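Peer 1: Have a look at this one.
Read-outs throughout are calculated quantities, based only on the coordinates presented, and are distinct from any laboratory measurement. Since the model is a prediction, treat every value here as computed from it, not as a measurement. Please note: Cβ atoms are built from the backbone with ideal geometry, for glycine as well, and neighbour counts cover all protein chains shown.
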Amino acid sequence: MATGEAMIAQRYEQATVPAGQPAGNGWSHAWRAILERSGARFDADAVTDFGQIDAERQQALSTDVMADLSHYGLIEVKGEDAQKFLASLFTGDVRLVSVEKGLFTAWCDAKGRAQATFWLFLHDGAFYLFLPKPLLKSVLSGLKLYLLRVKATLTDASDRLVRIGLSGPGMEARLTAAFGEPPPAQAGDARKYDDCTLVALHGEPFPRWLAVGTGTAVTELWHSLESAVSLVGREAWTLLDILAGLPLLMSETVGEFIPQMLNMEALGGLCFTKGCYPGQEVIARLHYRGQLKRRLYRAYVDSDSVPPPGTALHIEGIGESVGTVVSAARHPDGGVALLAVVKIEEKAQGEVRLVDAQGPVLRFVE
C-alpha cells in the first residue's frame with residue numbers, strides 16, 4: 001500500500017462528526033467525517049452524491065469511480081459450524097466460499113421465495129453477508145431462528161467494517177499499484193490484503209470490486225485513489241448494479257420471486273447438487289420438471305420519475321400485472337434503466353408499460 005499508513009490511521013481515529021451533523025443511522029462517526037471532507041452529501045442512510053449527481057452517472061459509465069457503500073449492511077457469521085450452517089440455508093454452494101472465492105446467492109423461505117439476495121465472502125476467518133441495509137434486521141432475525149444447537153454467532157457488523165465500491169477501465173491498474181499485485185479478476189473471486197478484502201463483482205461496462213476492511217485500511221485506500229478517480233454516490237452505483245444485471249431485493253420485493261426468476265443460476269448463486277435448504281423442493285421441482293414463466297429482464301423507459309422497487313408493469317388488454325420492477329436508476333441519457341421480472345408469454349403479446357396500461361413503454365435489452 002501507499003506510504004503514510006500511520007498518519008492516515010491517526011486521521012481516522014481522530015475524526016469526529018462535524019458540529020450539527022447527525023451521528024446515527026449506522027454511520028461510523030470517523031468514516032462519515034472523512035466522506036464529508038471529500039464532499040459527500042447524505043440522506044438518512046446513504047451518500048447520495050458528491051455534489052454533481054448528474055455528472056456522476058456519466059462518470060460511472062466512462063471513467064474510474066469510487067463509491068461509499070454504507071447503504072449496504074454487513075452480517076457477520078462465525079464459529080465452528082458457520083460454513084455448514086450457511087450451506088444449509090442458502091441457494092448457492094457455500095462449500096465453495098473461501099478466502100479466494102465469494103458468492104452472489106439468495107436465502108429463501110419454505111415456499112422457495114427469495115427473502116434476500118446478497119454477496120457472501122470470507123474476511124478474517126468470518127463469513128459476511130453484504131446486502132442492502134433495509135433488509136439487514138429482518139434477515140439477521142430470520143437467520144437466528146435456525147441457530148438451535150449450532151456453534152455459530154450472527155451479528156450486525158455494519159459499524160465495524162467500512163465498505164466501498166470501485167469501478168472503471170483503469171481501476172485494475174490502480175488497484176495493482178495500491179496493493180502491489182493484481183486484484184481478483186473474475187466475478188466472485190476474492191483476495192485479502194492485510195486488513196482489506198477485495199471481491200470482484202459483475203461489471204458492465206467495466207470491471208468492479210467491493211472493498212471491505214477496517215476503517216484504517218479502507219481509509220488508506222480511499223485517500224490513495226481519491227485525487228485520481230471520480231467519487232460517486234448511491235445513485236451512480238445502483239445504476240452500475242442494474243447494468244451488471246444484479247437483482248438486489250429490497251423490502252418491497254421480498255418474497256415475490258423464486259431464484260430462477262432472478263437469474264440466480266446464471267449468476268452462480270443457485271446449485272442443484274448441494275444439500276437441502278429452505279425452499280429447495282420447490283426450486284428443484286421447477287428446475288427438473290417445470291417451465292419458467294417469469295424471468296429477469298433489463299430495460300429502459302422514458303419516465304420523469306424513477307419507479308421504486310415493486311412497481312407493477314402492465315400490458316393493454318391484460319387485466320392483471322405482467323411484471324414487477326426489481327430496481328431502477330436514472331440513466332445519463334435522461335431515461336431510466338431498470339431490472340424487472342416479467343411474465344415471458346405475456347411479454348411477447350404486446351408493449352409492457354410502467355405503472356398501468358397507459359404508462360411509458362419499456363425497451364428491453366436481451
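Peer 1: Note the full-extension length gain between VAL99 and GLU204 as 0.36 nm times their separation in residues minus their Cα-Cα distance, in nm to one decimal.
Peer 2: On the way: separation 105, 0.36 × 105 = 37.80 nm, distance 2.46 nm.
Length difference between fully extended and current span is 35.3 nm.
Peer 1: Separate question: Whose amide H sits under 5 Å from the amide H of PHE104, counting only residues 5 or more places off or on another chain, with H placed in the peptide plane?
Peer 2: Here LEU120 satisfy the definition.
Peer 1: Let me ask you something else. Tell me the relative contact order for the range 56-193 as a rounded percent, counting alpha carbon contacts under 8 Å between residues six or more apart. Each step should come with its number before you reach the end.
Peer 2: Working: 224 pairs, mean separation 49.1, N = 138.
Relative contact order here is 36 percent.
Peer 1: Pick from ASP241, ASP64, ASP43 the residue whose mean-square fluctuation is largest in a GNM of the chain, springs joining Cα atoms under 10 Å.
Peer 2: Among ASP241, ASP64, ASP43, the largest GNM mean-square fluctuation belongs to ASP43.
Peer 1: Another question about this same structure. Could you tell me the calculated FRET efficiency between ASP81 and ALA228, based on Cβ-Cβ distance and R0 = 41 angstrom, to the nearest 0.05?
Peer 2: 0.40
Peer 1: Here's another thing I want to ask about it. Let me spell out the model: positive unit charges on the Cβ of Lys and Arg, negative unit charges on the Cβ of Asp and Glu, origin at the Cα centre of the range 237-293. What dipole size does that give, in debye rounded to 20?
Peer 2: 280 debye
Peer 1: By counting other Cβ atoms within 10 Å of each Cβ, how are MET171, MET264, MET250 ranked from fewest to most?
Peer 2: Values: MET171 22, MET264 25, MET250 16.
With the fewest neighbours first, MET171, MET264, MET250 line up as MET250, MET171, MET264.
Peer 1: Report relative contact order for the range 251-365 in percent, whole number only (criteria: Cα-Cα under 8 Å, sequence separation at least 6).
Peer 2: Once divided by the residue count of the range 251-365, the mean separation gives 27 percent.
Peer 1: Okay, next question. With the contact rule set at Cα under 8 Å and sequence spacing of 6 or more, what percent relative contact order holds for the range 228-303?
Peer 2: Relative contact order comes out at 35 percent.
Peer 1: Continuing with the same structure: If you take the alpha carbon radius of gyration of the range 251-365 and divide it by 2.2 N^0.38 Å, what ratio comes out, to two decimals? Mind showing how you got there, number by number?
Peer 2: Details: Rg = 15.3 Å, N = 115, 2.2 N^0.38 = 13.4 Å.
Relative to the rule-of-thumb radius for its length, the range 251-365 sits at 1.14.
Peer 1: For the range 74-89, take each phi angle, set θ = phi - 60°, evaluate the Karplus expression 6.51 cos²θ - 1.76 cosθ + 1.60, and give the result in whole Hz per residue in order, putting x for glycine and proline.
Peer 2: Using θ = phi - 60°, the values come out as 10, 10, 9, 10, 9, x, 4, 9, 4, 5, 4, 4, 5, 5, 7, 10 Hz.
Peer 1: Could you compute the net charge surrounding GLN52? Neighbours are other residues with a C-beta less than 12 Å from the C-beta of GLN52; K and R count +1, D and E count -1.
Peer 2: Surrounding charge for GLN52 is -2.
Peer 1: Any idea what the dipole of the range 251-365 comes to, in debye rounded to 20, about its Cα centre with Lys/Arg Cβ at +1 and Asp/Glu Cβ at -1?
Peer 2: Dipole magnitude for the range 251-365 comes out near 500 debye.
Peer 1: Still on this model: If a/c stays under 1.5 just call it rounded; otherwise compare a/b with b/c (prolate if a/b is bigger, oblate if not). Do that for the range 119-175, with a ≥ b ≥ c from the square roots of the Cα gyration tensor eigenvalues.
Peer 2: Taking the square roots of the gyration eigenvalues as a ≥ b ≥ c, the range 119-175 is prolate.
Peer 1: Could you work out [θ]222 nm for the chain from helices alone, using -39500 (n - 2.57) per DSSP H run of at least four and dividing by all its residues? Round to the nearest 500 deg cm²/dmol.
Peer 2: One gets -6500 deg cm²/dmol as the mean residue ellipticity at 222 nm.
Peer 1: Mind sorting THR91, THR273, THR153 by how few other Cβ atoms lie within 10 Å of their own Cβ, fewest first?
Peer 2: Values: THR91 29, THR273 5, THR153 13.
Least crowded to most crowded, the residues run THR273, THR153, THR91.
Peer 1: Okay, next question. Once you have the alpha carbon radius of gyration of the range 186-264, what is it after dividing by 2.2 N^0.38 Å, with N set to its residue count?
Peer 2: Numbers: Rg = 15.1 Å, N = 79, 2.2 N^0.38 = 11.6 Å.
The value comes to 1.30.
Peer 1: So for the range 132-275, considering every pair of alpha-carbon atoms, how many percent are separated by more than 25 Å?
Peer 2: I get 39 percent for the Cα pairs in the range 132-275 exceeding 25 Å.
Peer 1: Further, regarding this structure: Any number yet on Rg/Rh for the range 70-219, C-alpha, Kirkwood? Walk me through the numbers before you get to the answer.
Peer 2: On the way: Rg = 15.2 Å, Rh = 15.8 Å.
Rg/Rh: 0.97.
Peer 1: Another one. Equivalent ellipsoid semi-axes for the chain, as square roots of 5 times the alpha carbon gyration tensor eigenvalues: give them largest first, rounded to whole Å.
Peer 2: 33, 26, 18
Peer 1: Which one of ASP159, ASP68, ASP194 has the biggest mean-square fluctuation once the chain is modelled by GNM with Cα springs under 10 Å?
Peer 2: Highest fluctuation of the listed residues: ASP194.
Peer 1: Could you pull out every residue, at least 5 positions away or on a different chain, whose amide H is within less than 5 Å of the one on LEU201? Hs are placed 1.01 Å off N in the peptide plane, and Pro or chain starts have none.
Peer 2: The answer is GLY188, ARG208, TRP209, LEU210.
Peer 1: Check ASP49: other-chain or 5+ apart residues with amide H under 5 Å from its amide H, H built from backbone geometry?
Peer 2: Under 5 Å from the amide H of ASP49: ARG41, ARG234.
Peer 1: Taking the Cα centre of each part, how many Å lie between the range 27-64 and the range 214-239?
Peer 2: Cα centres, the range 27-64 to the range 214-239: 9 Å.
Peer 1: Under a 10 Å cutoff between Cα atoms, tell me which one of GLY213, GLY125, GLY188 has the largest fluctuation in the Gaussian network model of the chain.
Peer 2: Highest fluctuation of the listed residues: GLY125.
Peer 1: What dipole magnitude, in Debye to the nearest 20, does the range 185-296 give about its Cα centre under +1 on Lys/Arg Cβ and -1 on Asp/Glu Cβ? Intermediate results must be reported in sequence, preceding the final value.
Peer 2: Working: 10 positive and 12 negative charges, 134 e Å.
I would put it at about 640 debye.
Peer 1: Arranged by the count of other C-beta atoms within 10 angstrom, fewest first, what order do LEU143, LEU201 take?
Peer 2: LEU143, LEU201
Peer 1: Can you give the Rg to Rh ratio for the range 157-209, taking only C-alpha atoms and Rh from Kirkwood?
Peer 2: Computed over Cα atoms, the ratio is 0.96.
Peer 1: Starting from the Cα-Cα distance between VAL361 and VAL150, subtract it from 0.36 nm times their residue separation and give me the gain in nm to one decimal.
Peer 2: 70.9 nm
Peer 1: Work from the charge dipole of the chain (Cβ charges, +1 for Lys and Arg, -1 for Asp and Glu, about the Cα centre) and give the residue of GLN52, TYR300, THR324 farthest towards its positive end.
Peer 2: THR324
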